[in-house]
């Protein structure tokens, strides 16, 4: 049962004590969740429309949502069809919290949080920066962007693009038409898996990674470092047993028509071919990004700065725990 509860119909600031979990359910708007090193929390509501917003503390869980509409309240329900509930919210929380967000069209930003993060939306972009733990992101059409994450990441989207970077212990992705870019900046992940229909997949691994491949693409070429694999049309390319080594990263990638590209940091070599020659090589046909594009960082930096300003903290003040002090997450072998 909720210990404290507020119904908010306009701008409001709410200061709270102990918060270990955050649960947000919205129809629309924006949600910014920023971790800091203090034990206290703050909710900054900048706008509310269409329906009052509920903010409550239930035990150590912060709950923010639009209360469910009564099925018998025909007048309000009809109005909601034309004036969808929406709210713009920024939340300052202790670093070690678990976060769960459910929304229809809201944009979601999570920064400096060390805990399990689960975000599910229909539309609207999702941004994560300097996070640690298990992350699960899902959207029908929204873009999914993760920067400087340490831990495991799972993504699922139909048409949204996916960009993930950091010291990943594992990655599992699923798209239909959206492109996927995974940049493992350090460490040796246990496994990288991605499936798509027509969306291209680009994976960059550290130079010392030893990938064990299981990849397939029906109609598109596949580039694995300096090796080009022709369209497999139902078969699968598997790393030959004689190339097996210890501490390998399982890389399972499959598409119908999307190009697959795997690169390793700091390695440059001529493109070779698997089983049969091909001309021109993949690199000449299409130059996939070797790094996360600059515009990705610019957009994410702006979102973090705007959210930090709304909470009265500097963008650099958001928690960024020293990775050496963080416990290993499940599946870590870094």
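Here, each number is a calculation from the coordinates, and none is a lab measurement. Only a predicted model underlies this, so the values are computations on that prediction, with no experimental measurement involved. Here the Cβ positions follow ideal geometry from the backbone for every residue, glycine too, while neighbour counts run over all protein chains shown.
Order 232-241, 33-42, 196-205 from most to least packed using the mean count of other Cβ atoms within 10 Å.
Details: 232-241: 11.9, 33-42: 19.2, 196-205: 22.3.
The peptides rank, most packed first, as 196-205, 33-42, 232-241.
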_Cα convex hull volume per residue for the stretch 72-227 (Å³)_ = 130
*Mean Cβ count within 10 Å, highest first, over the residues of peptides 210-221, 149-160*: 149-160, 210-221
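What is the extension gain from residue 301 to residue 207, computed as 0.36 nm multiplied by their sequence separation minus the C-alpha to C-alpha distance, in nm to one decimal? Spell out each step's value before the answer.
Working: separation 94, 0.36 × 94 = 33.84 nm, distance 2.75 nm.
The span from residue 301 to residue 207 would gain 31.1 nm if fully extended.
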_Alpha-carbon Rg/Rh ratio, for the stretch 174-274, with Rh computed the Kirkwood way_ = 0.94
*Rg over Rh, two decimals, the stretch 21-62 (C-alpha only, Kirkwood Rh)*: 0.95
*How far is the Cα center of the stretch 189-213 from the Cα center of the stretch 235-249, in Å?*
13
*asked:* Ignoring solvent entirely, what values of log10 I(q)/I(0) come out of the Debye formula for the stretch 113-313 at 0.09 Å⁻¹ when each Cα is a single scatterer?
replied: -0.34
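I need the Kirkwood Rh of the stretch 144-209: take the reciprocal of the average 1/r across all distinct C-alpha pairs and report it in angstrom.
Values: mean 1/r = 0.0866 Å⁻¹.
Over the stretch 144-209, the inverse of the mean reciprocal pair distance is 11.6 Å.
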*Taking the convex hull of the alpha carbon atoms in the stretch 204-259, what volume per residue do you get, in Å³?*
79
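Order the peptides 306-313, 88-95 from the highest to the lowest mean number of other Cβ atoms within 10 Å of their residues.
Numbers: 306-313: 17.2, 88-95: 23.6.
The densest-packed peptide leads the list: 88-95, 306-313.
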